[in-house]
Every structure is written in structure tokens, then in C-alpha cells.
Amino acid sequence: MKTCFAASNLAKIVVLMDAWDIIVVLNKRGKPLMPCSPAKARLLLKEKKAIVKRRTPFTIQLTIATGETKQPVSLGVDAGYEHVGLSASTEKAELYASEVELRQDITDLLSARRALRQSRRNRKTRYRAPRFDNRIRTKRKGWLAPSVENRINAHLSRIEAVLRLLPVTKITVETASFDLQLLKNPDISGKEYQEGEQLGFWNVREYVLFRDGHVCQHCHGRSKDPVLNVHHLESRRTGGDSPGNLITLCETCHKALHRGEIKLKAKRGRSFRAETFMGIMRWGVLNRLKASHPKLEVHNTYGYRTKHARIANGIAKSHCADAFCIAGNFGAKRLGEFFFQKQTRRNNRQIHKLSILKGGIRKRNQAPFEVNGFRLFDKVACQGEEGFIFGRRSTGYFDVRKLDGTCISAGISYKKLHLLEKRRTYLTEIRKEEALPPPPEGRGLRA
């Protein structure tokens, strides 16, 4: 929290502080110093040489000038499409570990917004001329899709959060380049890279019809319907127009499917969205880090090196463990716990729900900004546990859960809740890291 704790709550602060192995320390100017032990922090607070600045992670700020001796601190970043792992360590100990779960709803939200805008323009301004020259990608060099840009900014945001807490001297980011053609066809070689699966076809539809033998993939021609359609297994909005998401259906089966009379057994082919993203973002993150922190050492490493180091040191597979291996301090003592962070929406500007009630009334989609002093995603103490508000009612009853979805209380009065932290874009809770079980006898190190 931005506000400092009152000195009268020193006893509560001491109890809270004892739950942490390492206390983050800031100097008078708010710059990070080397962390200290809870005993040292307790003494500084008692002598009023420091104040409490933040609850998670527990952070104190000095009120006096002191020496600022620092040790080399390495930050390892396990970049990813859905999760990001971070670990900061010295040669002796791990100082910080976190795993971040990124948002996966941006593409759906943008597609829904586009559909609503098109519908509204069709109703309100039916003869509105198309404005193709207004596309932002034609005006801004280096433009990236919003879903990619959000993930890159999330990586940078979490790295900056660690830099505000610890005196990091070196950053190592794991990057990867994927051969999508090789992933699709392990036997590809030579000029076959220039001859994709759609070579010789006018468009994707023609290729899909040829691939399926111009036969309905549900009834296999039993309907005798000569008209063939190309059907999206996943909606075009989420699955796109790639051949792996398309299948040939006759007109009869296609209409029956949309009426809900039949179900398809076919599943869409493998999606390479994550691999494509990693290929785009790997240099974006590195170049932006080097530009914003020219005095820091910024390097990149590769996944096969991380895997070899993890196996050689007998470390369990996790995003935090990979980040620890990327940092390179294998002799450091692990923390045994990490911060699990979940990225959430900052705002929801949809005013009304899409369904229209009787009498043409549209129900409001937005709840009040605050209900009895609580906001959505506030961290609260509920029934002896820490949880987050995932649902609110105007009557003052709340749905409190953990970040993994575990329900603490489906409907509890605001009078029985105690506010711990105001909501943030990244919700944080502490989790224990699972230990690596011993490998079976006669077997080598696990992959």
C-alpha cells in the first residue's frame, strides 16, 4: 500500500513481518538497498529509523542516511505466452521469486468491441464511407497487435517492479525462436521450406476442400448434398482462418450443426499462437530493456541451456525454477516460496449488458465503483484467510476467493471483512514451491 502504517500498530507489524524470510529495504530517497532479516527490520522500526512502506512484499524505508554497500544481484526472466517466471539472487541466496499469469482475454474483448462498433455504425451511419487510411499500423512504424503489446508491457512491468525492490545489476531473459514449419512437419528440409502446404492453391478454401477430398467430413457423402461449405471449428474471432481450424461440411450437415442437431468429433489442429508470439516479442523485450536501462547488463539465453542447468542441479520444473536457473546462481539457497501474481483488467467500460429486457430496458453492466468501501479484487481477510473480492452485491455481500478459484465464502457481509490491500493490476498471493521427488533407482536425472 502507498500509505505508511501507523506506529501504534507496531505489534501487528511485527507479527506480519515475522512471516517473511527477507525484508526489502529502501533508502531515504526510495532507492533499493540489499534486503535485511526480520530481526534487523524490527530493530530499525522500534528505533524509528525506518517506516513500513509496503505490505506485499514487506518493505521498509529508512529515515536516516546509511552506508549503501551492495552485492551483485542477478535477475532471471523466464518469458512466456501465458506465464512469466522471475527470480533474483546473489551468489549465496535467492532474494525474490514470482510467477505471473498473464491475461488471455484481450483478443476476445477486442473482437467483441469490433462487432459492436460495426453493428452500431450500420444502424446509426448506414452510408458511412470506409476509412481505410486511418489504420494505425500504417501510421506508426513498429506497430504490434494489442494482444502482443500487452504481453510485452506485462514482461517489462514485472521486471521494473523487481528493479524498484532490489539493486539488480544484471538481467538475463530467456528467449526462443521456433521453426513453425518444422513443428508442423518434422521431416521438412531444403526447398520444402519455400513450398508450404497451400502451394498451388488460389486460397485457403480451395486447399481445405482438396485436403478433405471434396467430401463432407461428418456424413462422408451420405446426405448426397452436392453443395460443400468450409466450417470454422473454432469461431473465426478466436481461431482465425488457418487450415487447421477449417473443415469441409456439406450444406445439410452445416445447417444441422448450427441448429444444434449434430456434433462434430473433429478437433482443430495444433495452434502455434504461443510460438508466434515468442518469436515476435523476444527482441522487443530485450531492446526495450537495453534502451530503458543502459547501465545494466542485459543478456539473453535459450531454453535448452535452462533445461540442461535445471536437470543437472535436480530442480523441479516450474516457471520460478527456470528463472532461478536463468539467473545463474546455482549455489544460492532457494526461498521455498514464491509470489503468484494474476494480471487483471484495469477497467470495464461496457455500460449496459447486450441482452434487452422486457420493455426495451437494458440492464447496466457496471456495478458501483465502491460498495461499502470495497472494490473488486481488493485483498481482504475473510474467516481467518486472505482472499480477493471476485463478486459484489449492492446489499453488501461479497464473493471472496483465492487466485486459484478456491471459494472462501460465496456471500459474506462486508462487516466481517477486513481490508488488507487495495486492488492492483497484478493480484498477489504467496505460494509454496513443490519439492522435487527423488528419481527412481537406476534412472538418470529427469527431463
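The values are calculated or read from the model by the stated rules, or taken from the named source; none is laboratory data. These figures come from a predicted structure and were not determined experimentally. No Cβ is skipped: glycine too gets one built from the backbone with ideal geometry, and neighbour counts run over all protein chains shown. Ligands, DNA and RNA are stripped out before the accessible areas are found, and what is left, the full protein with its side chains, is counted by its heavy atoms. Shrake-Rupley method; radii C 1.70, N 1.55, O 1.52, S 1.80 Å.
Going by amide H atoms built from the backbone, whose H comes under 5 Å of the H on R392, apart from near neighbours?
Sorted by chain and number, the residues that satisfy this are D399.
Could you work out the longest stretch of the chain that avoids the chymotrypsin sites (Phe, Trp or Tyr not before Pro) located in DSSP loops with at most 13 other Cβ atoms within 10 Å?
203-368
For the pairs K379/K432; K358/K416; K358/K402, flag any whose C-alpha to C-alpha distance is greater than 28 Å.
Over 28 Å Cα-Cα: K358/K416; K358/K402.
Please figure out what share of the DSSP beta bridges in the chain is antiparallel and state it in percent, rounded to the nearest 5.
70
Residues of the range 117-178: accessible area per residue at 1.4 Å, in Å²?
68
On C-alpha positions alone, give me the angle between the axis of helix 303-312 and the longest principal axis of the chain, in degrees, nearest 10.
Tilt relative to the chain: about 50 degrees.
Using a cut-off of 17 Å between alpha-carbon atoms, which lysines can reach K363, once sequence neighbours fewer than 8 places away in the same chain are excluded?
K353
Per residue of the range 233-239, what does 6.51 cos²θ - 1.76 cosθ + 1.60 with θ = phi - 60° give for ³J(HN,Hα)? Whole Hz please, x for Gly and Pro, Karplus curve as stated.
5, 9, 4, 4, 4, 9, x
Pick from R423, R401, R305: which residue has the top mean-square fluctuation in a GNM of the chain where Cα pairs under 10 Å get a spring?
Greatest mean-square fluctuation among the candidates belongs to R305.
Helix-derived [θ] at 222 nm for the chain: sum -39500 (n - 2.57) over DSSP H runs of at least 4, divide by residue count, nearest 500?
The helix-only estimate for the chain comes to -8000 deg cm²/dmol at 222 nm.
Once both axes come from the Cα atoms, what is the angle between helix 106-124 and the longest principal axis of the chain, in degrees from 0 to 90, rounded to 10?
The angle comes out near 50 degrees.
Over the chain, what percent of the accessible surface lies on carbon and sulfur atoms, probe 1.4 Å?
Summing carbon and sulfur atoms, their accessible area is 52 percent of the total for the chain.
Does anyone have the angle between helix 273-292 and the longest principal axis of the chain? Alpha-carbon axes, 0 to 90°, nearest 10?
So the inclination is approximately 40 degrees.
Compute the distance in nm between two label points, each set 7 Å from the Cα along the Cα-to-Cβ direction, one at H293 and one at T107.
3.0
For a quick size check, give me the Cα extents of the chain along its three principal axes, largest first, whole Å.
Principal extents (Cα only, largest first): 87, 66, 53 Å.
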